[in-house]
1. Taking the criterion of being of a type in the set (Ser, Thr, Tyr), assigned to a helix (DSSP H, G or I) and surrounded by 15 or more Cβ atoms within 10 Å (Cβ to Cβ), would at least one residue in segment 145-153 satisfy it?
2. Can you confirm whether residue 15 is within 30 Å of residue 113 (Cα to Cα) and over 13 Å from the mean Cα position of the chain (by Cα)?
3. Give all pairs with beta carbons closer than 7 Å in which a residue from segment 29-50 that is over 17 Å from residue 144 (Cβ atoms) and at pLDDT 95 or above meets a residue that is surrounded by fewer than 23 Cβ atoms within 10 Å (Cβ to Cβ) and of a type in the set (Lys, Arg); count only pairs at least 6 apart in sequence or on separate chains.
4. Taking into account only those residues within segment 40-77 that are open to solvent by 70 Å² or more (accessible area, probe 1.4 Å), in contact with a strand residue (DSSP E or B) (Cβ under 9 Å, 6 or more places away or on another chain) and not hydrophobic (A, V, I, L, M, F, W, C), which is nearest to residue 18 (Cα to Cα)?
5. Take the residues in segment 117-144 that are in a strand (DSSP E or B) and either touching a Cys at 6+ places or on another chain (Cβ under 9 Å) or acidic (Asp, Glu) (or both), then tell me which one is most open to solvent (accessible area, probe 1.4 Å).
6. Exactly one of (1) open to solvent by less than 60 Å² (accessible area, probe 1.4 Å); (2) closer than 30 Å to residue 15 by Cα; (3) in contact with a helix residue (DSSP H, G or I) (Cβ under 8 Å, 6 or more places away or on another chain); (4) aliphatic (A, V, I, L, M) is unmet by residue 87. Its number?
7. Assuming residue 11 fulfils every condition listed in (1) touching a Pro at 6+ places or on another chain (Cβ under 8 Å); (2) open to solvent by 60 Å² or more (accessible area, probe 1.4 Å) apart from one, which condition is it?
8. Under 6 Å between Cβ atoms, at least 6 apart or on separate chains: pull out the pairs that start in segment 81-109 with a residue that is without any contact (Cβ under 8 Å) to a residue 40 or more places away in the chain and end on any residue that is not in a helix (DSSP H, G or I).
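The values are calculated or read from the model by the stated rules, or taken from the named source; none is laboratory data. Only a predicted model underlies this, so the values are computations on that prediction, with no experimental measurement involved. In this analysis, Cβ positions are derived from the backbone assuming ideal geometry, glycine residues included, and neighbour counts consider all displayed protein chains. Just the protein is used for accessible areas: all its heavy atoms, side chains included, with ligands, DNA and RNA removed. Shrake-Rupley method; radii C 1.70, N 1.55, O 1.52, S 1.80 Å.
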Amino acid sequence: MLPEETLDQARALLAALEARGETLATAESCTGGLIAAALTAIAGSSSVVMAGFVTYSNAAKIRMVGVTQASLAAHGAVSEAVAREMADGALREAGVDVALSCTGIAGPGGATPGKPVGLVFVGRARRGAATIVERHVFPGDRAAVRAATVAAALRMAMPG
């Protein structure tokens, strides 16, 4: 389902976090759990991966990881603000050292003016550091957008 390069990325990330004694959680929307799936495809991942929140609906984003209704109303689910709140919420709720989030429009439908298919926000929260969010517009079909999102998230989580 995921390219071998992505699984290699997952292996490298798990090794780096394990060497630091760090744990990780995910809060995923457009990938539906693929980031967690890539990580947990690797034997021994349970020493690092603590939780995965699939927050596909706005209600789940609010209930599971504490996204605010105000952010959803002001910016929409596919936004930097929501990706940031998702990452911060996963960090807090799972009690981990690193949390990844993503929210986007994988397609083929769902685009709106200013928010094309392929638009994805990927967030990384790290205990004791500022949360960062990257904006991407990935090309390709639904599978390509989701795979590119997983790769981007794994890259963002690498320490250093």
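1. Narrowing segment 145-153 to residues of a type in the set (Ser, Thr, Tyr): 149.
The next check asks that each one be assigned to a helix (DSSP H, G or I); those that pass are 149.
Right, trim to surrounded by 15 or more Cβ atoms within 10 Å (Cβ to Cβ) and you get 149.
Checked segment 145-153: at least one residue is of a type in the set (Ser, Thr, Tyr), assigned to a helix (DSSP H, G or I) and surrounded by 15 or more Cβ atoms within 10 Å (Cβ to Cβ).
2. Working: within 30 Å of residue 113 (Cα to Cα): no; over 13 Å from the mean Cα position of the chain (by Cα): yes.
No, not satisfied.
3. 42/11
4. This residue is 40.
5. Within segment 117-144, the first condition is being in a strand (DSSP E or B), and the residues that meet it are 119-126, 132-137.
Then drop every residue that is not either touching a Cys at 6+ places or on another chain (Cβ under 9 Å) or acidic (Asp, Glu) (or both), which leaves 120-123, 134.
Numbers: 120: 0, 121: 21, 122: 0, 123: 0, 134: 52 Å².
Filtering segment 117-144 for residues that are in a strand (DSSP E or B) and either touching a Cys at 6+ places or on another chain (Cβ under 9 Å) or acidic (Asp, Glu) (or both), the one most open to solvent (accessible area, probe 1.4 Å) comes out as 134.
6. With respect to (1) open to solvent by less than 60 Å² (accessible area, probe 1.4 Å); (2) closer than 30 Å to residue 15 by Cα; (3) in contact with a helix residue (DSSP H, G or I) (Cβ under 8 Å, 6 or more places away or on another chain); (4) aliphatic (A, V, I, L, M), residue 87 is out only on (3).
7. Looking at each condition in turn, residue 11 falls short on (1).
8. 82/67; 82/103; 85/67; 107/117
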